[in-house]
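Encoded as structure tokens, the structure appears first; notes follow it.
Derivation of every value follows stated rules applied to the coordinates shown; laboratory data play no part. Only a predicted model underlies this, so the values are computations on that prediction, with no experimental measurement involved. Note that each Cβ is placed from the backbone with ideal geometry, even for glycine, and that neighbours are counted across all protein chains shown.
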Ligand code: PHE
């Protein structure tokens, strides 16, 4: 597995691609159908929010709903049900709404499960999205931004001016994406052109096909040489040591061009496929001013009086006529709330620790999700040297270092300060999680210096880090659904009067869109049930 293949639920995707290779598309579709993944198996009716008029027409009353968790799924449930006048109460254990949608600003305080307390000291215009940070255009999250009036701006997910740095592969210095692309595409094109010219593809291609292919390769790979002997030997696409300018300044192309063998030995193309992914492809978007604009707008629409912060659920009891939730309130007092229905929008591993009477099957199912972690380290600098010195305006440098992916800010261009962000998963996240916040920063900076030089160390003013497995009441970055199993099917159904919701019950694990979609599904089912009784 290369790093670029990484994504939540990878194992399942790997399995499906393996089936596709061995059995062809027909087998793949049949397998997907059996797993409940084929398009036909999806109940894909467009979402229709509950309305007040649904009740005035039917003469029935709304219901009282207690919602556990003020993360996106819980807030979206309360928001949608609220449109029809449901009486919703959201119990949130943390002192803020949003859950993993957590934006750190100057003054933000976070204590982790080990008791390490950090206060972000960022300057006024600097913020750090410690959880979600990018939204694809097709995702429902953007519809909520539109509906709630949350302004959005472009998030630069790929930037040809950002770097690739594969230390373990033996790269001695970082290479710009544009350079790596020119070389990798150039050599791949050269090889394919050679194979075509040497008639290796005659079984696959007609003469006309071959000509069209060669035309494409010449253009895509910037191949030179004569027909029959096309070669890649560099291109201005790689970039310049001295940029073109006025008068006699033609520019000096970047050199020398590495050999084909070196290009592949460096793993220069290691991360290219990332930007082809449906959920990661440009353009992507972010809310202006921080990702938490989304939960804050939801909370405003729901009404602050309906959301109880610092309320920790300690027992759930489902009954024939109602459901009762015992909780500890923000003053430490034990209380209970009884409602017609409950939506449990907590992570499965957190829910599994809460005593309930939903049965052993539910309890076992809650344990069937694999909980992965991720971490982010935000480094604020006194100047935006990546813009002035490296001409990098947003985007991501991809490394094989343990700091993983290095995000340049897609906001505040040309401002006085700015924030670089390191983002990495699983083992690396646990490794950094084991360090104190100060040690994390020192280690991350030492790695970053390999890419940017001393800039990466000298102008550093503030930092903040989150290792998601250590954040109280969340304790993970995402939980990977066992799609196609009885456990997944079970928790996608209500347990008595309780419904489960979250990205962990969707095919969009680790995306806010998964939480929104799950909330919509649960709200639709709950509303139909209320209208039917
Ligand atoms: N949505 C998260 C991100 O964009 C987690 C994720 C990563 C999900 C990669 C899918 C693929 O980083």
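Show that you can apply the helix-only estimate: for the chain, add -39,500 (n - 2.57) for every DSSP H stretch of four or more residues, divide by all residues, and state [θ] at 222 nm to the nearest 500.
Using -39500 (n - 2.57) per qualifying helix, the result is -10000 deg cm²/dmol.
Quick one: order 463, 518, 45, 383 by neighbouring beta-carbon count within 10 Å, fewest to most.
Starting with the residue having the fewest Cβ neighbours, the order is 45, 383, 463, 518.
Provide the gained length on full extension for the span residue 457 to residue 111, in nm with one decimal, where the gain is 0.36 nm per separating residue minus the Cα-Cα distance.
Gain on extension, residue 457 to residue 111, equals 122.0 nm.
Helix 437-452 versus the longest principal axis of the chain: what is the Cα-based angle in degrees, 0 to 90, to the nearest 10?
Helix 437-452 sits roughly 30 degrees off the main axis of the chain.
Please report 213, 296, 366, 191 as a ranked list, fewest other C-beta atoms within 10 angstrom at the top and most at the bottom.
191, 213, 296, 366
Normalised by the residues of the range 57-111, what does the relative contact order come to in percent, with Cα pairs under 8 Å and at least six apart?
Relative contact order for the range 57-111 comes out at 38 percent.
With everything on Cα atoms, drop me the angle between helix 10-34 and the longest principal axis of the chain, reported from 0 to 90° to the nearest 10.
Helix 10-34 sits at roughly 90 degrees to that axis.
Which whole-number percent gives the relative contact order of the chain, counting Cα pairs below 8 Å spaced six or more residues apart?
Rounded, it is 21 percent for the chain.
Relative contact order for the range 340-465: what is it in percent, counting Cα pairs under 8 Å that are at least 6 residues apart?
28
So what's the angle, to the nearest 10 degrees on a 0 to 90 scale, between helix 293-302 and the longest Cα principal axis of the chain?
Long axis of 293-302 versus the principal axis of the chain: about 20 degrees.
So for 167, 92, 333, 380, fewest C-beta neighbours within 10 Å to most, what's the order?
333, 167, 380, 92
What spacing in nm lies between the two simple spin-label points modelled at residue 250 and residue 300, each 7 Å away from Cα in the Cβ direction?
The answer from the label model is 5.8 nm.
Quick check: pseudo-label points 7 Å beyond the Cα along Cα→Cβ at residue 212 and residue 333, how many nm apart are they?
7.6
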